[in-house]
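Engineer: Could you have a look at this structure, given as C-alpha cells, before my questions?
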Amino acid sequence: MPRPSELPPIKEIGAIGWMRKHLFSSWYNTVLTLVSVYLIVTLIGPLLNWVVFEATFAGSSSSDCKGEGACWLFIGQRLNFFIYGFYPDALQWRVDVMFGLLAVAFAPQFMERFPARKYFGLFGMTGLPLIGYFLIPGGWFGLEEVQSSKWGGLMLTLILAYVGILAALPLGTVLALGRRSDMPVIRGICVVFIEVWRAVPLITVLFMASVMLPLFLPEGMNFEKLMRALIGIILWQSAYMAEVVRGGLQAIPKGQYEAASALGLGYWKKMGLIVLPQALTLVIPGIVNTFIALFKDTTLVLIIGLFDILGAVQSTITDPAWQNVAIEGYVFVAFCFWVFCFGMSRYSQNLERKLDTGHKT
Amino acid sequence: MTNSKMNVEHPRSRPWNDPKVRTLAFQTIAIAAVFWFGWALFQNTLNNMESRGISTGFGFLDQSAGFGIIMSLIPYDATMSYGRTFWVGLLNTLLVSAMGVVTATVLGFIIGVARLSSNWVVSKLALVYVETIRNIPLLLQIFFWYFAVLRSLPSPRMSVDMGGLVFLNNRGLYLPDPIAEPGFGWVTAAAVIAITATVVMQRWAKKRQLKTGQLFPSFRVGLAVVVGLPLLAYLATGGPVSWEIPALQGFNFGGGITIIPELAALWVALSLYTASFIAEIVRSGILSVSHGQTEAAGALGLRSGLTLRLVVIPQAMRVIIPPLTSQYLNLVKNSSLATAIGYPDLVAVFMGTTLNQTGQAVEVVAITMAVYLTISLVISFFMNIYNRAVALQER
C-alpha cells in the first residue's frame, strides 16, 4: 500500500507560511513590517475619528461644526454650488439630463458583456455633445438662455475636459498623419506645431488664450472667456493627442500599408479604411490616459478666473461664513477627481491587457 | 482621387495624376496657407494694438519695474528693470524645478522599488501611495499644502523649534546659513582635488580591470577620498565656517536661510506628485529585465548586490530613461502652477505682474514660451546624450 506523502511542514503553508514569506522573510523585512504596521495603526485611529466619529454631518451653518472632526456639513450645504456653479436652480434639470446621458453612454463600457455597448460609446462621442450643445446654454426651442459665465463646478470641469478631448481627437489625428507624411513641408509644419505646444505649460497657453487671443482676432470678433479657454485647451491637447495617435500609426505593421496600396487604394482611402480604424482602436488606452491628464489639468482654469470644481471650493473656503473648512473642501474635490481618474485608469489598464496580443512589431 | 479608368487609357497623361506634381502642389498650398494665416494674425495684432495704443518692441525691458518680489536669488529691488524681473522669475523657476527633480527622483526610486518588495505591507503601502497621489490634480495638492497645511502652522512667536537651529512657522522654514570665513578656500580646493583624483582613479581602475581582470574597490576608496580630504582640510584650517542662526527679531525671524511657504508648498507637492509617476516608471523598468538575466548572473557566481548593480539596473535604466525625461519636463512645466499660490516664478512674475503693468502681451508671452521651449530642448538634449550612453551597444 502506497504511503501517503508527508504533509509539508506547518511553517511553509497556510497563514503562517504566508506571513513568513511575505512579512518576516529576513531581519530587515521584519523591521519594515513592524514599523509600517505601527505607523498605519497610529495614523488610522485619528484619521477615522476625524472623518467619521467626531465629524459633523447635520446642521445648517458653520456654528454647528463644534467637534474636533471634519465639518462635512459644509460640503452638504454648498454641494449645489460645487456641482452646478451659478447655474439657475430651476434650470438645473438640464444639467442633470446631461449627467444621466453621460452615465448611460459610458457605464456600459465598464461591463464586458453589455449588448451593443459600442453604440452607446459612439452616442457618447456624437449625439451627447450635440444634445449638450443645445441643452446647456439654452436659447433654442424656447429654452431659457444661460450665459456661460454662470456655468461652474463639476459641470464646467466635465465640459472642459470632454469638449477638449473630443475636439482634440480629429485635430490630433490630422497632425499625426501630417507628421508621418512623405511631404517634407507638411511634416515640418506638423512637427513644429506639435513640439511647440508640447513644450509650453498649460498655464501659459491659458494666459495666451485669455490675453492674446483678442489681439489676434479681427476687430469686432470676440469670444467669451470660456470659449477662449477651450480654444487654448483644444490646441494644446491636440498636440498630445497627435503623439498618442502617432504611436498607434507606428504600431500598424508595414504590410497593412502595402496591402492597401496594392489594392489600389489612394492615400485617404488607405488611411480612412485600413490604417486609422486599426490604429485608433489600438490607442484607446492612450487616449483614456491623456483624458485623465487633461481632466486633472482643467483645474488650471481657475487661474484665469473660471469656476471649475476646485475654483468653486476655493472661493467658498475663503468665504467668511465658513471657517477652517479648507481641508474638508480639498478632501471633497480630491475624492471627486480620484473616483473619476481611478475608474478611468482601471478601464484603460483592462483594455490594454485585452488589446495586448503579445507580439509587437 | 485618381480615376482608374482614365489612368489605364492615358497613363500619366494628366499633370494632376502625377504624384510629383501633386506633392509639390500640396506643399505649395500648405506654405501659402501658413503664410497667409501668419500674415493675417500679424496684421490683426498690429491693428488691434494700434487701436488700443499699445506700443510694440522690447524697449519696455529697460524700464523700471516698480514692484517688489518676495523671493529672489539675485539682488533685486523695485527700482530695477523689467528685464531684471525676467531673470528673477527664471531663476526661481529653475530653483524649484531643480529641487523638485532631485527629491522626486529619490522618492520615486524608493517607492518604485518598494512596490516590488517581497514584503506585502510595504508593497501595498507603495501601491496606495501611487494610486492616491497620481489621481489627484497637482493644483489641488499645491493648494492643500499651502492653504491647509502651511497656513495652519504656528505664528513666528510660537515656532516649532528644532534644536534651536531650525525653526518652522507659518512664515516659512528657517535654516542656519553657513558663512565662509578666510581659509575656506583650502577646503574648496581640497574638495576639487579629491573629485579630480577620484575620477582619475576610477579610469585607472577600469583600465586595469580590463587588462588584468583584477578588481579595485574604487567606489569605497573614492568615497573615502571625497569625504576625507575636505574634512581633513576643514579640521587643519581650524573650521573656517561660522553659522548664522536664525533668531526672532520683533514679529519675525531674521538671519539664516529662509524657505518661504510658497516655495515649500510647491516643492513638496511637485516632488510627491512626480514621484508617484516616477515610481511606476521605475517599477516597469525593473520588471522589464527578464528573470533569465538574474539567473544567468547567479550562475556566473555574482552576489545579489553585484547582480543588481551590474546586471539589473543598467538594463532597467534603458527602459526608464525616456519616460523619466518626459516626467522631468512635466515637472518643469508644472512648476508654473506657482502662480496660483504666489511663488514668484517666471509665469507669476513675468507673465503675470510684468504683463499686467506693461500690457506688452505679445512680447511677454513670446519670451515666456520661448524660455519653456528652450528648457525643454535642453533637457531632452542632455537626456538623449545620456540615453545614447546607456543604450544597447549592438556590435
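The values are calculated or read from the model by the stated rules, or taken from the named source; none is laboratory data. Since the structure is predicted, the reported quantities are computational estimates derived from the model, not experimental observations. Note: ideal-geometry Cβ built from the backbone for every residue, glycine included; neighbour counts use all protein chains shown.
Engineer: Counting just the residues of the range B:30-76 that are within 14 Å of another protein chain (Cβ to nearest Cβ) and assigned to a loop (DSSP other than H, G, I, E, B), which one comes out surrounded by the fewest Cβ atoms within 10 Å (Cβ to Cβ)?
Structural biologist: B:53
Engineer: With respect to residue A:230, is the statement that it is farther than 23 Å from residue A:193 by Cα and outside any loop (DSSP other than H, G, I, E, B) true?
Structural biologist: Taking the combined requirement at face value, the residue does not satisfy it.
Engineer: Would you confirm whether or not the range A:276-287 contains a residue that is among the small types (Gly, Ala, Ser), touching a Ser or Thr at 6+ places or on another chain (Cβ under 9 Å) and surrounded by fewer than 18 Cβ atoms within 10 Å (Cβ to Cβ)?
Structural biologist: no
Engineer: For the range B:346-359, does any single residue satisfy the condition of being part of a helix (DSSP H, G or I), at the interface with another protein chain (Cβ under 8 Å from one of its Cβ atoms), surrounded by fewer than 21 Cβ atoms within 10 Å (Cβ to Cβ) and modelled with pLDDT of 85 or more?
Structural biologist: No: the range B:346-359 contains no residue that is part of a helix (DSSP H, G or I), at the interface with another protein chain (Cβ under 8 Å from one of its Cβ atoms), surrounded by fewer than 21 Cβ atoms within 10 Å (Cβ to Cβ) and modelled with pLDDT of 85 or more.
Engineer: Determine, yes or no, whether residue B:283 is of a type outside the set (A, V, I, L, M), at pLDDT 90 or above and within 21 Å of residue B:110 (Cβ to Cβ).
Structural biologist: In short, yes.
Engineer: Report, ordered by the first and then the second residue, all pairs with beta carbons closer than 6 Å, sequence separation of six or more or different chains, a first member in the range B:30-41 that is of a type in the set (S, T, N, Q), and a second member that is surrounded by 10 or more Cβ atoms within 10 Å (Cβ to Cβ) and part of a helix (DSSP H, G or I).
Structural biologist: none
Engineer: Out of the range B:362-395, which residues are within 12 Å of chain A (Cβ to nearest Cβ) and touching a residue at least 40 places away in the same chain (Cβ under 8 Å)?
Structural biologist: Residues satisfying the conditions are B:362, B:363, B:367, B:371, B:372, B:375, B:376, B:379, B:380.
Engineer: Give me the pairs, please: first residue somewhere in the range B:56-81 and touching a residue at least 24 places away in the same chain (Cβ under 8 Å) and not assigned by TED's automatic domain parsing to the domain that holds residue B:95, second residue anywhere and part of a loop (DSSP other than H, G, I, E, B) and among the hydrophobic types (A, V, I, L, M, F, W, C), beta-carbon distance under 8 Å, and either six or more positions apart or on two chains.
Structural biologist: Matching pairs, first to second residue: B:65/B:78; B:65/B:80; B:66/B:78; B:67/B:78; B:70/B:260; B:71/B:260.
Engineer: Within the set of pairs 6 or more residues apart or between chains, which connect a residue that is closer than 11 Å to residue B:94 by Cα and of a type in the set (Asp, Glu) inside the range B:329-347 to a residue that is in a loop (DSSP other than H, G, I, E, B) and modelled with pLDDT of 90 or more with Cβ atoms less than 7 Å apart?
Structural biologist: Filtered contacts from the range B:329-347: no entries.
Engineer: Only strands (runs of 3 or more DSSP E) wholly contained in the range B:115-215 count here; list those with 2 or more residues that are surrounded by fewer than 17 Cβ atoms within 10 Å (Cβ to Cβ).
Structural biologist: Of the strands (runs of 3 or more DSSP E) lying wholly inside the range B:115-215, those with at least 2 residues that are surrounded by fewer than 17 Cβ atoms within 10 Å (Cβ to Cβ) span B:160-162, B:177-180.
Engineer: A follow-up question, please. Does residue A:199 count as in contact (Cβ under 8 Å) with a residue 12 or more places away in the chain, within 14 Å of chain B (Cβ to nearest Cβ), buried (at least 18 other Cβ atoms within 10 Å of the Cβ) and aliphatic (A, V, I, L, M)?
Structural biologist: No, not satisfied.
Engineer: Restricting to the range B:356-395, give me the number of residues that are charged (D, E, K, R) and under 23 Å from the mean Cα position of the chain (by Cα).
Structural biologist: Number of matching residues: 1.
Engineer: Between A:313, A:245, which is touching a helix residue (DSSP H, G or I) at 6+ places or on another chain (Cβ under 8 Å), of a type in the set (A, V, I, L, M) and within 13 Å of chain B (Cβ to nearest Cβ)?
Structural biologist: A:313
Engineer: Can you tell me which residue is modelled with the lowest pLDDT among those in the range B:253-273 that are closer than 20 Å to residue B:163 by Cβ and touching a helix residue (DSSP H, G or I) at 6+ places or on another chain (Cβ under 9 Å)?
Structural biologist: B:253
Engineer: Scan the range A:319-339 and report the pairs whose first residue is free of Cβ contacts under 8 Å to residues at least 24 places away in the same chain and whose second residue is acidic (Asp, Glu), with Cβ atoms within less than 9 Å and a gap of 6+ or a chain change.
Structural biologist: From residues that are free of Cβ contacts under 8 Å to residues at least 24 places away in the same chain, the pairs are A:338/B:131.
Engineer: Looking at the range B:200-238 only, could you name the residues that are over 36 Å from the mean Cα position of the chain (by Cα) and closer than 16 Å to residue B:186 by Cβ?
Structural biologist: B:236, B:237, B:238
Engineer: Residue A:144 - would you say it is more than 9 Å from every other protein chain (Cβ to nearest Cβ), in contact with a Ser or Thr (Cβ under 6 Å, 6 or more places away or on another chain) and of a type in the set (Asp, Glu)?
Structural biologist: For residue A:144, the condition - more than 9 Å from every other protein chain (Cβ to nearest Cβ), in contact with a Ser or Thr (Cβ under 6 Å, 6 or more places away or on another chain) and of a type in the set (Asp, Glu) - is not met.
Engineer: Out of the residues in the range A:251-293 meeting the condition of being closer than 30 Å to residue B:137 by Cβ and not aliphatic (A, V, I, L, M), tell me which one is farthest from the chain's Cα centre (by Cα).
Structural biologist: So the residue we want is A:281.
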